[in-house]
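The values are calculated or read from the model by the stated rules, or taken from the named source; none is laboratory data. Here the structure is a predicted model, which means the values were calculated and not measured. A quick note on method: Cβ atoms are made from the backbone with ideal geometry, for glycine too, and the neighbour counts reach across all protein chains shown.
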Amino acid sequence: MLERISGSLLDPDALYASNIELFHSPALRGLNLVMGFTGFADAGHVVKQINVELLDTLDAETVAVFDADQLIDYRSRRPHISFVEDHLQDYQQPKLALYKLTDGLGSPFLLLAGFEPDLQWERFARAVVGIVEKLDVNLVTWIHSIPMPVPHTRPVGVTVHGNRPELIEGISVWKPTVDVPAAVGHILELRLMEAGRNVAGYVIHVPHYLAEAEYPPAAVAGLEFLGAATSLMLPADRLREAGREVGRQIAEQVAASEDVQQVVTRLEERYDEKAEGTVRRSLLADENDELPNGDELGAAVEAYLARENPHP
């Protein structure tokens with residue numbers, strides 16, 4: 001017979017320090033939360049690009065900062081530091097923080113961004129669920145990316161999971177039953193669902209032969225899916241421009257190698273056989289699966305918000 005163990009679990013709230021005035025502000029209640037953790041897969045550096053784009057482009061206030069010393073294994077994931085001639089500088093201290101951001105239409109939302117914890121996953125999950133409950137978060141969305149045998153010449157695919165069917169149906173292009181290595185985002189999704197909170201996770205599909213480099217089109221797709229799910233106007237102009245340059249470079253490399261052309265052609269054929277033109281790639285794409293430009297996207301989001309909130 002097992003004996004009951006006395007004592008209590010470590011306090012999850014002690015994992016982070018908050019901006020008390022901002023944390024308790026009514027303005028933070030009922031917002032949507034976007035999460036992106038670097039360190040797990042992150043094919044095409046999608047999460048890194050999205051986090052940088054959001055934090056560099058939008059007005060941001062720090063709501064809470066997690067204690068990296070309790071969550072990261074420095075010896076397995078060593079931070080970088082610069083040695084300049086005769087001294088050290090620019091230590092890149094790992095950071096995992098919760099921010100309040102404002103989108104292009106003036107709508108506030110929350111962003112939890114930074115490294116994926118190496119340690120104390122369940123305690124971290126309790127801390128995040130506690131924050132979600134304290135702030136009465138409306139919807140939690142999170143994103144990561146995986147390498148897939150898909151061609152760069154086709155639309156970026158996504159697999160969606162969670163407990164919001166209206167955000168999943170008609171979007172996922174890959175619905176497997178498979179055991180995969182868990183990420184902290186998976187644990188958070190499970191614990192959030194157990195707590196009765198709304199959550200949706202997005203897995204962006206990156207061509208496997210581009211997984212090790214930055215692939216801006218995949219990050220653009222990620223921002224689009226997140227923005228559609230949360231009714232936010234998320235910035236992607238810089239990534240779109242970078243994507244056009246990357247696309248030009250890829251086209252040159254493919255054209256220079258007949259072997260590469262054959263590989264891409266085979267991937268295209270297999271993709272087209274499976275797709276059959278029935279999957280709706282984006283909540284904002286038209287019937288021809290073409291993405292709108294910036295003005296059209298803004299108008300679409302404003303129209304969506306007007307439908308969802310007809311009374312001011």
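From the list LEU105, LEU55, LEU110, pick out the single residue that is within 29 Å of GLY243 (Cα to Cα), assigned to a helix (DSSP H, G or I) and not acidic (Asp, Glu).
Answer to the check: LEU55.
Restricting to region 208-237, what's the tally of residues that are touching a strand residue (DSSP E or B) at 6+ places or on another chain (Cβ under 7 Å), farther than 18 Å from THR102 by Cβ and not in a helix (DSSP H, G or I)?
2
Quick grid of which residues meet (1) of a type outside the set (A, V, I, L, M, F, W, C); (2) modelled with pLDDT under 95:
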| site | (1), (2) |
| --- | --- |
| GLU3 | yes, yes |
| ALA14 | no, no |
| LEU22 | no, no |
| MET35 | no, no |
| ASN51 | yes, no |
| VAL63 | no, no |
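So ILE204 clears everything in (1) surrounded by fewer than 23 Cβ atoms within 10 Å (Cβ to Cβ); (2) hydrophobic (A, V, I, L, M, F, W, C); (3) at pLDDT 95 or above; (4) not in a helix (DSSP H, G or I) except one condition, right? Which one?
Checking ILE204 against (1) surrounded by fewer than 23 Cβ atoms within 10 Å (Cβ to Cβ); (2) hydrophobic (A, V, I, L, M, F, W, C); (3) at pLDDT 95 or above; (4) not in a helix (DSSP H, G or I), the one that fails is (1).
Could you check region 74-125 and list, in sequence order, the residues that are surrounded by fewer than 12 Cβ atoms within 10 Å (Cβ to Cβ), of a type outside the set (Ser, Thr, Tyr) and touching a residue at least 12 places away in the same chain (Cβ under 8 Å)?
Matches in region 74-125: HIS80, GLN92, GLN93, LEU119.
Tell me yes or no: at least one residue of region 65-72 is of a type outside the set (D, E, K, R) and in a strand (DSSP E or B).
yes
Would you point out the residue of region 29-50, among those that are assigned to a helix (DSSP H, G or I) and surrounded by 22 or more Cβ atoms within 10 Å (Cβ to Cβ), that is nearest to the chain's Cα centre (by Cα)?
The qualifying residue nearest to the chain's Cα centre (by Cα) is VAL47.
Is at least one residue of region 109-119 at pLDDT 95 or above and over 22 Å from GLY222 (Cβ atoms)?
Yes, region 109-119 contains a residue that is at pLDDT 95 or above and over 22 Å from GLY222 (Cβ atoms).
Could you count how many residues in region 178-215 are in contact (Cβ under 8 Å) with a residue 60 or more places away in the chain, among the small types (Gly, Ala, Ser) and more than 30 Å from THR153 (Cβ to Cβ)?
The total comes to 1.
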